[in-house]
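Input: a single structure, listed below in structure tokens.
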Amino acid sequence: MSSSHTQLNHQTKWMNTWSVDVFATCDTCGDEKFVNVDLATWQSWMNEGTNVQDAFPDMTPANREVLIGNKAGWHLCNVCWADLEEMEG
């Protein structure tokens, strides 16, 4: 079973913003990944249901998958995803 959680970080010194670490654990191998994102953007994406690539356009696809996995409660890391594609392919 996947472990997904978030951790609020401190306010940044150079800007008046807050960030959050978003965690997702791979359901296959147990590898835990996290992505640090702006809290306001994270909350907006979680509540509005917009596409993750629209909310976080500068983020890599792999990091966006961590966000999706956290939200969905189910995640596959890059290695396990590649293994799955290889088995099916």
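The values are calculated or read from the model by the stated rules, or taken from the named source; none is laboratory data. These numbers come from a predicted model, not from an experiment. Note that we place each Cβ from the backbone using ideal geometry, even for glycine, and neighbour counts take in every protein chain shown.
In region 33-40 there is at least one residue matching the filter, namely being within 15 Å of ASN78 (Cα to Cα), modelled with pLDDT of 90 or more and either of a type in the set (D, E, K, R) or part of a helix (DSSP H, G or I) (or both). If the condition is being in a loop (DSSP other than H, G, I, E, B) and either modelled with pLDDT of 90 or more or surrounded by 14 or more Cβ atoms within 10 Å (Cβ to Cβ) (or both), then region 10-32 contributes TRP18, CYS26, ASP27, THR28, CYS29, GLY30, ASP31. Residues in region 41-53 that are small (Gly, Ala, Ser) and either touching a residue at least 60 places away in the same chain (Cβ under 8 Å) or assigned to a helix (DSSP H, G or I) (or both): SER44 only. The set of residues in region 54-83 that are more than 23 Å from ASP27 (Cα to Cα) and either among the polar types (S, T, N, Q) or not in a loop (DSSP other than H, G, I, E, B) (or both) comprises ASP54, ALA55. A count restricted to region 41-61 and to residues that are small (Gly, Ala, Ser) and either modelled with pLDDT of 95 or more or in contact with a Phe, Trp or Tyr (Cβ under 8 Å, 6 or more places away or on another chain) (or both) stands at 1.
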